[in-house]
Amino acid sequence: MEKPSPLSTALYGLTIFVSAFLLFQVQPVIAKVILPWFGGSSAVWSTCMFFFQLVLLAGYGYAHWLQKLSGRKQAVLHAALLAGSLALLPILPGDRWKPTGAGNESTSILLLLAATIGVPYFLLSSTSPLLQAWYNRERGTVPYRLFALSNLASMLALLTYPVWIEPNFPTRVQGLTWSGAYALFAALCAITGWKATKVSATAAVEEKSDIPAPSAGTRLLWLAFAACASTLLLTVTNFLTQDIAAIPFLWVLPLSAYLLTFIICFESPRWYNRAVFLPLAGLGIAAFLWFMTRGLELDMKIAIVCSNLALFFCCMFCHGELVRRKPDPRHLTSFYMFISLGGAVGGIFVGLIAPNLFNAYYEFDLGLAACAVLLAWSVWQALRNIPGRWPKIATAVVAVGAVGCLVQLGILIRTGLAGYQAVARNFYGQLRVANSNTDNPETANRKLVHGRVNHGIQMLNPKYRRSPVAYFCPESGIGRAMQSRKDGAPWDMGILGLGAGALAAYGKPGDTIHLYEINPLVLEMAKAHFTYLSDTPAKIEVSLGDGRLALDRDKGRKFDLLVMDAFSGDSVPVHLVTKEAFAMYFQHIKPGGILAVNISNRYLDLEPVMERAAAAFGKKALVVDLEPYDDEFLCWASSWTLLVDAAAPIPQTLQNARVLKPRPGFPGWTDDFSNMFQILR
């Protein structure tokens with residue numbers, strides 16, 4: 001066999017590196033494009049992740065099937081598919097894919113992704129296992145380090161996106177640049193395939209030598225470890241993006257921790273030391289149980305760091321055990337296919353089965369239970385043949401710990417929803433209704449909770465039942481805006497984001513309140529468990545769907561007051577605070593009308609975004625911050641920005657409001673550009 005040149009080796013490494021980089025760079029790029037179309041929900045990213053895993057499985061399956069063909073036929077077929085995929089560029093989806101408000105959101109997202117990036121992503125996903133198989137055929141050496149290189153490129157793609165790509169390049173430029181880079185990759189991969197066809201006949205014979213295939217039990221373990229890691233990745237991602245913000249920065253962290261474990265484990269088997277990582281995996285499971293027990297009391301900054309660290313420990317265990325069971329390189333495409341199949345199983349469970357089967361996030365509990373069982377089994381496997389009593393004691397301790405973990409998870413599942421009046425879940429997340437302070441008739445209230453955030457309360461005491469409270473009390477910014485109206489003049493009000501419906505309490509006879517709500521479950525909860533909508537004398541109209549898209553369809557509608565209060569957890573749907581969004585808002589506001597935006601947020605400082613939007617349209621941005629007294633129970637701390645005509649006199653009720661000043665160097669946000677890092681608190 002002709003000795004391969006260093007240039008040929010570099011070609012394999014470069015092609016695999018580029019393919020993996022593009023494979024993971026396109027994920028946040030395409031997700032950011034479509035995120036605004038589906039309401040900015042964290043479920044959009046979960047659905048995208050499910051699609052990526054499914055197509056990755058298809059790509060690995062294709063690479064495995066291709067090994068049945070001769071080397072030349074493999075290269076020719078793959079090159080032909082690469083050439084054909086170029087006709088689908090660029091990857092940016094057209095407006096025809098925007099949802100209309102009807103149909104299933106998950107299905108719409110999957111169809112959109114399949115039509116735009118499906119084929120390129122499929123071919124990119126097949127590159128690593130396919131080229132490793134060609135490499136093994138040509139060299140007869142173990143190529144598993146190339147898998148580590150692939151995952152290194154993937155992690156670099158993810159880490160560079162939020163810190164370099166997103167802040168510096170508009171979304172359209174990102175999509176076009178990626179498409180151009182893909183075209184270069186296709187040429188590079190075709191050249192590599194052509195060189196692979198020069199494999200000697202001797203090598204082809206060697207490839208077919210008789211080596212026993214992995215047993216069914218081994219393949220089942222491949223699947224179990226991969227599925228467990230995938231389930232934990234997705235559930236931790238849901239936890240972070242549900243309660244913080246659906247932004248690439250928080251998608252990237254858990255996925256990077258997940259990929260880093262692949263890099264470490266596949267770079268060299270010595271990096272995975274059972275004596276180190278089996279105990280650390282147990283510590284990771286214990287940390288997750290602590291998070292779940294503490295619930296809303298846990299500081300989110302601590303949760304971000306600790307949950308990613310715990311995920312790293314658990315995935316190191318899962319992927320380390322995978323590597324310990326890796327087969328001969330002649331079976332590597334089958335190995336990778338089962339790893340991908342496990343990832344897809346986790347994605348299907350978290351993305352499709354759990355939301356339709358459970359009314360709470362039980363998939364997190366079940367993923368931890370699976371990890372605990374696999375950990376106990378692995379400890380038993382590692383210690384069973386070691387003589388002496390200490391290995392037996394250690395095994396017994398781990399077994400007891402695993403049983404204790406399962407019992408604790410069972411308790412959490414059983415008691416996790418105790419005390420709630422109603423619990424429901426759909427594509428947009430979980431909603432809960434609970435009564436609070438019921439031992440005090442004066443302060444007793446009912447609240448609507450999404451993630452960690454209270455989306456509105458109603459007092460149970462009849463004398464307060466019709467009063468707007470919490471973020472919407474009369475002393476708040478929106479309360480003062482409501483009081484700026486002239487006596488006797490009916491108002492037409494638009495509200496993006498329903499919550500419990502508290503703003504309807506400001507309605508008077510003759511008023512019309514048009515509600516824009518993306519989540520139909522919120523409307524059901526507001527009607528079934530709160531009385532704001534039925535108590536108000538105003539006329540109530542409802543449009544279901546993303547507020548911005550619904551407003552765009554509602555041509556000619558003019559409001560005296562337009563309210564933007566569309567939040568999911570403490571996140572802000574970015575597409576609702578861009579220059580294009582504000583242009584639409586002002587088109588729907590009467591002369592002299594007010595645009596009110598709730599900018600109350602623990603993690604993001606939206607004031608510079610508001611100021612830039614106001615300046616772009618000749619408006620004045622007034623901020624009303626409310627810090628109620630400690631014994632105040634009808635008003636909560638809040639911050640509202642009220643955008644009014646710059647030339648018009650400030651309403652009397654807003655005289656004490658703070659006028660926003662420009663922040664030097666802060667650019668206005670557009671649909672094509674936004675930078676979350678600039679506004680982190």
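Things to note:
- Considering residues of region 362-384 that are touching a residue at least 40 places away in the same chain (Cβ under 8 Å) and under 12 Å from Leu278 (Cα atoms) only, the residue surrounded by the fewest Cβ atoms within 10 Å (Cβ to Cβ): Ala382
- Residue check, Gly175 surrounded by fewer than 18 Cβ atoms within 10 Å (Cβ to Cβ) and modelled with pLDDT of 85 or more: no
- Residue under evaluation Thr333, criteria (1) closer than 27 Å to Leu149 by Cα; (2) under 22 Å from the mean Cα position of the chain (by Cα), criterion not met: (2)
- Identity of the residue in region 463-493, part of a loop (DSSP other than H, G, I, E, B) and small (Gly, Ala, Ser), that ends up nearest to the chain's Cα centre (by Cα): Ser476
- Residue list for region 385-403, restricted to those being under 21 Å from Tyr362 (Cβ atoms) and either modelled with pLDDT under 85 or surrounded by 14 or more Cβ atoms within 10 Å (Cβ to Cβ) (or both): Ala402
- Residue in region 663-670 that is modelled with pLDDT under 90, over 19 Å from Lys590 (Cβ atoms), outside any loop (DSSP other than H, G, I, E, B) and out of contact with any strand residue (DSSP E or B) (no Cβ under 8 Å at 6 or more places or on another chain) present: yes
- Qualifying residue in region 635-643 (condition: over 21 Å from Met564 (Cα atoms) and either surrounded by fewer than 19 Cβ atoms within 10 Å (Cβ to Cβ) or not charged (D, E, K, R) (or both)): no
- Val142 closer than 26 Å to Leu69 by Cα, surrounded by fewer than 16 Cβ atoms within 10 Å (Cβ to Cβ), modelled with pLDDT under 85 and not assigned by TED's automatic domain parsing to the domain that holds Tyr336: yes
- When Pro649 is tested against (1) free of Cβ contacts under 8 Å to residues at least 12 places away in the same chain; (2) of a type outside the set (D, E, K, R); (3) surrounded by 13 or more Cβ atoms within 10 Å (Cβ to Cβ), only condition (3) is not met.
- A count restricted to region 561-581 and to residues that are assigned to a loop (DSSP other than H, G, I, E, B) and out of contact with any Lys or Arg (no Cβ under 8 Å at 6 or more places or on another chain) stands at 7.
- Listed here are the helices (runs of 4 or more DSSP H) enclosed by region 32-137 that have at least 1 residues being surrounded by 22 or more Cβ atoms within 10 Å (Cβ to Cβ) and under 20 Å from the mean Cα position of the chain (by Cα): 42-66, 105-116.
- Among the residues making up region 582-613, those that are in contact with a Leu (Cβ under 9 Å, 6 or more places away or on another chain), touching a residue at least 12 places away in the same chain (Cβ under 8 Å) and part of a helix (DSSP H, G or I) are Phe582, Met584, Tyr585, Phe586, Glu607, Pro608, Met610, Glu611, Ala613.
- Single match in Ala204, Ala196, Ala190 (criterion: over 30 Å from Ile679 (Cβ atoms) and at pLDDT 90 or above): Ala190
Condition check ((1) assigned to a helix (DSSP H, G or I); (2) charged (D, E, K, R); (3) at pLDDT below 85) across all residues:
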{"position": "Pro279", "(1), (2), (3)": "yes, no, no"}
{"position": "Phe291", "(1), (2), (3)": "yes, no, yes"}
{"position": "Gly320", "(1), (2), (3)": "yes, no, no"}
{"position": "Lys326", "(1), (2), (3)": "no, yes, no"}
{"position": "Leu332", "(1), (2), (3)": "yes, no, yes"}
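- A residue that is farther than 22 Å from Arg485 by Cα, touching a residue at least 60 places away in the same chain (Cβ under 8 Å) and not in a helix (DSSP H, G or I) occurs somewhere in region 618-632.
- Condition met for Leu332 (buried (at least 24 other Cβ atoms within 10 Å of the Cβ) and either in contact with a Lys or Arg (Cβ under 9 Å, 6 or more places away or on another chain) or under 15 Å from Thr237 (Cα atoms) (or both)): yes
- For Leu626, the conditions (1) more than 25 Å from Phe677 (Cα to Cα); (2) surrounded by fewer than 19 Cβ atoms within 10 Å (Cβ to Cβ) all hold with the exception of (2).
- Residue within region 584-604 that is of a type in the set (Phe, Trp, Tyr), under 25 Å from the mean Cα position of the chain (by Cα) and assigned by TED's automatic domain parsing to the domain that holds Asn437 present: yes
- Among residues of region 471-490 that are assigned by TED's automatic domain parsing to the domain that holds Val449, those with a Cβ under 6 angstrom from a residue that is of a type in the set (S, T, N, Q) and assigned to a helix (DSSP H, G or I), sequence gap 6+ or separate chain, pair up as Arg480/Thr653; Gln483/Thr653; Ser484/Thr653.
- Count of region 633-662 residues which are closer than 18 Å to Ile679 by Cβ, of a type in the set (Val, Ile, Thr) and in a loop (DSSP other than H, G, I, E, B): 0
- Counting only strands (runs of 3 or more DSSP E) that sit completely within region 355-462, those holding 1 or more residues that are over 29 Å from the mean Cα position of the chain (by Cα) correspond to 429-436, 445-450, 453-459.
- Within region 494-524, restricting attention to residues that are modelled with pLDDT of 95 or more, crowded, with 24+ Cβ neighbours inside 10 Å and over 30 Å from Tyr629 (Cα atoms), the residue that is farthest from the chain's Cα centre (by Cα) is Ile513.
- Scanning region 461-478 for residues that are crowded, with 24+ Cβ neighbours inside 10 Å and more than 19 Å from Phe530 (Cα to Cα) yields a total of 3.
The values are calculated or read from the model by the stated rules, or taken from the named source; none is laboratory data. Source: prediction; values computed, not measured. A quick note on method: Cβ atoms are made from the backbone with ideal geometry, for glycine too, and the neighbour counts reach across all protein chains shown.
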